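Below is one structure, written out as structure tokens, with a few remarks after it.
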Amino acid sequence: MMKSIEKIIAREFLYLMLLIFSGVFTFGIISLNNLYYEVKISNLQKEIAPLRNPYFNKIQRQFWLTNKLCESVIDDNGDRLAARKKIWNSLFKYSLEDKLKFKLGINESKEVQIWDNEIILALKEIGFSNAEKFKKFIDESRISQIEINNYNKSLKLLNQSKILNSNLFDKEKQIKITQNVVITSWFIFFVLRIMFLGIKWAIKTLRD
């Protein structure tokens, strides 16, 4: 009799261990899944940063300069975005044609009209006291075709990163899945098994 009870206890203990293992195993598998995708996402981010940073740095330089000039040439109700784009295109054109010195009034040219004093003073106030310095800033802020291509490449990598990110499980979801697995395992190991054993016992008893 004692042997039979010990076997029952041992069997139930093993099922309990299986139940606990199912939860630990599920939680561990999800953690490994997250780690795998986090490493892949991290590697992609390392690739993305150097591809897009030069592009954004130059955008910021253009934005800073044109925004300063916008304050001098348009009012608050003006279209800042369109104005900045127009100003930058003009500045780059003058720099390319080497006309900045004429626009700033440093050298005279009958073909090039000098800028208004407001614009010239605004440029001096932000540190552009001579045409060479101003031209250098504009030329260094120009976005090259290579940088545009790299930026477009970074967008594709960013999209890949988002797809990978969709495979991650947050802690709340990880715990929820683990709980569901444990509950399901408990139902199979104990409820269904006991029901099966009960039915089997009942049939055997009726036959006897």
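The values are calculated or read from the model by the stated rules, or taken from the named source; none is laboratory data. As the structure is a computational prediction, the values presented were derived from the model and not from experiment. In this analysis, Cβ positions are derived from the backbone assuming ideal geometry, glycine residues included, and neighbour counts consider all displayed protein chains. Keep in mind that these areas ignore ligands, DNA and RNA; they rest on the heavy atoms of the full protein, side chains included. Shrake-Rupley method; radii C 1.70, N 1.55, O 1.52, S 1.80 Å.
Per 10 Å bin, what is the whole-percent P(r) computed from every C-alpha pair distance within segment 1-132?
Using 10 Å bins, I get a P(r) of 10, 22, 16, 10, 9, 8, 7, 6, 6, 4, 2, 0 for segment 1-132.
Quick one: if you take sqrt(5λ) for each eigenvalue of the C-alpha gyration tensor of segment 117-177, what semi-axes come out, biggest first, whole angstrom?
Over the Cα atoms of segment 117-177, the ellipsoid semi-axes are 48, 18, 7 Å.
Along the charge dipole of the chain, pointing to its positive end and built from +1/-1 on Cβ of Lys, Arg, Asp and Glu, which listed residue (T184, L121, S90) has its Cα farthest out?
About the Cα centre, the residue reaching furthest to the positive side is T184.
Determine the share of segment 68-208's accessible area contributed by carbon and sulfur atoms, expressed in whole percent, with a 1.4 angstrom probe.
The C+S portion of the solvent-accessible surface of segment 68-208 is 56 percent.
Test of understanding: what is the full-extension gain from K93 to S166, defined as 0.36 nm times their sequence separation minus their Cα-Cα distance? Mind dumping the intermediate values first?
Values: separation 73, 0.36 × 73 = 26.28 nm, distance 4.47 nm.
Length gained, K93 through S166: 21.8 nm.
How long is the gain from E140 to N43 if the chain were fully straight, where each residue apart is worth 0.36 nm and the alpha carbon distance is subtracted?
Between E140 and N43, full extension yields an extra 32.0 nm.
Over the chain, what is the relative contact order in percent, taking alpha-carbon pairs closer than 8 angstrom and at least six residues apart?
38
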